[in-house]
Amino acid sequence: MQKEQSYEAKIEAAKTILTELNKSDLPLDKATALFKEAKKLLDEAAKMLESAKLEYEEKQNV
């Protein structure tokens, strides 16, 4: 069973992919796959951030 990555790990993985995407010799099919992977990571990170924000707001209203 794979342990879920932290928010920070997802952002770092997306940064690594961005570096790879900036290479001019990257084949289109690999670039497309990397883009999809980065988008998934960033979407997951955004959900984690939103969840943390809601949790924080709930605790402030208690």
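Nothing in this text is a laboratory measurement; each read-out follows from the coordinates by a stated rule. Predicted model only: the values in this text are computed from it and were never measured. Don't worry about glycine lacking a Cβ; one is built from the backbone with ideal geometry, like all the others, and counts go over all protein chains shown.
Every residue, every condition in (1) part of a loop (DSSP other than H, G, I, E, B); (2) in contact with a Lys or Arg (Cβ under 9 Å, 6 or more places away or on another chain); (3) free of Cβ contacts under 8 Å to residues at least 40 places away in the same chain; (4) surrounded by 10 or more Cβ atoms within 10 Å (Cβ to Cβ), yes or no:
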{"residue": "Gln5", "(1), (2), (3), (4)": "yes, no, yes, yes"}
{"residue": "Glu12", "(1), (2), (3), (4)": "no, no, yes, yes"}
{"residue": "Leu34", "(1), (2), (3), (4)": "no, no, yes, yes"}
{"residue": "Leu41", "(1), (2), (3), (4)": "no, yes, yes, yes"}
{"residue": "Leu49", "(1), (2), (3), (4)": "no, no, no, yes"}
{"residue": "Lys59", "(1), (2), (3), (4)": "no, no, yes, no"}
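Testing Leu26 on (1) free of Cβ contacts under 8 Å to residues at least 40 places away in the same chain; (2) in a helix (DSSP H, G or I); (3) touching a helix residue (DSSP H, G or I) at 6+ places or on another chain (Cβ under 8 Å), one condition comes back false. Which one is that?
(2)
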